[in-house]
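Asker: Input: one structure, supplied below.
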Amino acid sequence: MLKIYTDLEDAQRTILNRRKMDAAAPDSLKHSLRRSFGRELTPAEAVTEILADVRSRGDAALREWTHRLDGVQVERFEIEQAEIAAAADRMPRELIESLRFAADRIRRFHACQPLPSWTTHELGGTLGQKLTPLERVGVYVPGGTAPLPSTLLMSAIPAQVAGVKEVIAMTPPDRRTGTVSDVILAAAYVAGINTLYRLGGAQAIGALAYGTDSIPRVDKIVGPGNLFVTLAKQQVYGLVGLDGLAGPTETVVVADGSANPAWVAADLLAQAEHDVLATAILFTPAITLAEAVQVEVSRQMEERGRAAIIAASLAGQGGIVITRDVEEAVRLADEFAPEHLCLATEHPEHWQALITHAGGLFSGERSFEVLGDYVAGPSHTMPTGGTARFASPLNVWDFVRITSLIALDDETCALLSPHAARIASAEQLDAHAQAALFRINPS
């Protein structure tokens, strides 16, 4: 049963107290690492070993680690374009239409985001900025407990809109069959992704960061993954760019007495079914609504195929927090800075103005988070773990780089150089100062 917290301090000690990413690994994970590596290792140490091996031995290491960790023998990593097209042909027409519908909305949304290059002559000479798309981007598409074609669309299409020359996708093979899910291949077909590799985990991140004989090195890696993918992204940062370090997914709902308890419960369950570490929290001042949602969660969960995952998620990180009023609920939700923040209230536009920390803000019960996962338009790759305080959802700006343009005329050079020389001297950088003084008095 989803717990109701009437004591705010109790909630803040428990479900509102975020777990650190370096929390102790569960016993099952420790056992798995010991079996795979033959000794005690932390997840970060295991990732370091995998990355070093991939960097040193390339494709041979990729094959060995895929066999050792996933139990899959892979000879050829790249998936043929004919195989991608064939998978699309095998899909039900209705599903292909929905994937195309989603892709079109994602593309149109991101096409609205401006990417301006500009110049000005108001400061003397010519100053400005030039935007250039990245040349090659790697998109990681999880395929663990469930295939996620939506992640491929949500990550690859903004890159295409930004003008990235080459977008390649990486997704793990199924442990039972050694193949990639048809629905992910179909999404690649719909998105126009022609380069797709059957490879997952830390070894896939290493391949994208370092490059191998079979897989080209990329400029940036985007897309969420499990703990090992996230740790690998963290360790290769600086060699390549990253979109961020995605933690477990999370949704916070703020609701008042007008909300539909069945809908609120359904939204919480939809979040919880992602992962046993997913977070689903409701803030409300309405105890009657809280109790009705609690009943609905129990009733609806019995009908869900991933009920065991949902139950673990709700027991670990889920809950209903009773607040004094809606204003306090909004304040607490904003302080939590969730990936998804849903306003299931009367006049949500009023409360929307008070939200400053959220990856995605879903205003009103018809703007529920599941639509954001698939078809609303914005990328569903959003900041997690409280990083919405400073980070943004994946967008076209993630796939461009800015070059500052500086082309000064003689008059402006003469005006600026004495000031530069004085500041350089104050910093005790006399070579800097002299470089400026030479422009004033070349002799």
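Asker: Angle, helix 27-37 long axis vs. longest principal axis of the chain, Cα atoms, 0 to 90°, nearest 10?
Answerer: 50 degrees
Asker: Now for a different question. On a full-extension model of 0.36 nm per residue, what is the gain between ALA431 and HIS67, subtracting their alpha-carbon distance, rounded to one decimal in nm? Before the final figure, lay out the partial values.
Answerer: Values: separation 364, 0.36 × 364 = 131.04 nm, distance 5.66 nm.
Result for the pair: 125.4 nm of gain on full extension.
Asker: In the stretch 350-443, which GluC sites (Glu not before Pro) are in a loop and have at most 13 other Cβ atoms within 10 Å, using DSSP for the loop call?
Answerer: Of the GluC sites (Glu not before Pro), the ones in loops of the stretch 350-443 whose Cβ has at most 13 other Cβ atoms within 10 Å are GLU427.
Asker: So which trypsin sites (Lys or Arg not before Pro) in the stretch 167-253 are both in a DSSP loop and have at most 14 other Cβ atoms within 10 Å of their Cβ? Walk me through the numbers on the way to the answer.
Answerer: Details: sites: ARG175, ARG176, ARG198, ARG217, LYS220, LYS233; in loops: ARG175, ARG176, ARG217.
Hits after loop and neighbour filter: ARG175, ARG176, ARG217.
Asker: Taking amide hydrogens as modeled 1.01 Å from N in the peptide plane, which residues meet the under 5 Å criterion relative to THR195, leaving out close sequence neighbours?
Answerer: ALA169
Asker: What do you get for chymotrypsin sites (Phe, Trp or Tyr not before Pro) in the stretch 341-443 restricted to DSSP loop and a cutoff of at most 15 other Cβ within 10 Å of the site's Cβ? Before the final figure, lay out the partial values.
Answerer: Working: sites: TRP351, PHE362, PHE368, TYR374, PHE390, TRP397, PHE399, PHE438; in loops: PHE368, PHE390.
Those satisfying the criteria are PHE390.
Asker: In bins 5 Å wide, starting from 0, what share of all Cα pairs of the stretch 248-390 does each bin hold, as a percent?
Answerer: 2, 11, 22, 25, 23, 13, 4, 0
Asker: At a Cα cut-off below 27 Å, give the lysines reachable from LYS233, other chains included and same-chain residues fewer than 8 away excluded.
Answerer: LYS20, LYS30, LYS165, LYS220
Asker: I'd like the FRET efficiency for HIS350 and THR119, computed as 1/(1 + (r/R0)^6) with the beta carbon distance as r and R0 of 30 Å, rounded to 0.05. Don't skip to the end; give the middle numbers.
Answerer: On the way: r = 42 Å, r/R0 = 1.39.
The calculated FRET efficiency here is 0.10.
Asker: Follow-up question, since we're still on this one. I'd like the Karplus ³J(HN,Hα) series for the stretch 78-84: coefficients 6.51, -1.76, 1.60, θ = phi - 60°, whole numbers in Hz, and an x wherever there's a Gly or Pro.
Answerer: Along the stretch 78-84, the couplings run 6, 8, 5, 4, 5, 5, 5 Hz.
Asker: Follow-up question, since we're still on this one. Just how large is the dipole of the stretch 81-242 about the Cα centre, in debye to the nearest 20, putting +1 at every Lys and Arg Cβ and -1 at every Asp and Glu Cβ?
Answerer: Numbers: 15 positive and 12 negative charges, 32 e Å.
So the dipole magnitude of the stretch 81-242 works out to roughly 160 debye.
Asker: Return the Cα extents of the chain along principal axes one, two and three, sorted largest first, each rounded to a whole Å.
Answerer: Computed over the chain, the largest-to-smallest principal extents equal 86, 58, 48 Å.
Asker: Could the peptides 266-274, 237-245 be put in order, highest first, of the mean number of other beta-carbon atoms found within 10 Å of their residues?
Answerer: Working: 266-274: 24.3, 237-245: 16.8.
Answer by packing, highest mean first, reads 266-274, 237-245.
Asker: Per residue, what volume in Å³ does the Cα convex hull of the stretch 341-443 take up?
Answerer: Working: hull volume 21.0 nm³, N = 103.
Spread over its residues, the Cα hull of the stretch 341-443 gives 204 Å³ apiece.
Asker: In whole Hz and in residue order, list the ³J(HN,Hα) couplings for the stretch 339-348 that follow from phi through the Karplus curve 6.51 cos²θ - 1.76 cosθ + 1.60, θ = phi - 60°; x for Gly and Pro.
Answerer: Once θ is set to phi - 60°, the couplings for the stretch 339-348 become 4, 10, 10, 10, 9, 9, 9, 5, 6, x Hz.
Asker: Along each of its three principal axes, how wide is the spread of alpha-carbon positions in the stretch 81-242, in whole angstrom units, largest first?
Answerer: 65, 37, 26
Where a number appears in this text, it was derived from the coordinates with a stated rule and is not lab data. Computed from a predicted model, the values in this text were never measured in an experiment. Positions of Cβ are generated from backbone atoms using ideal geometry, with glycine treated the same way; all protein chains shown enter the neighbour counts.
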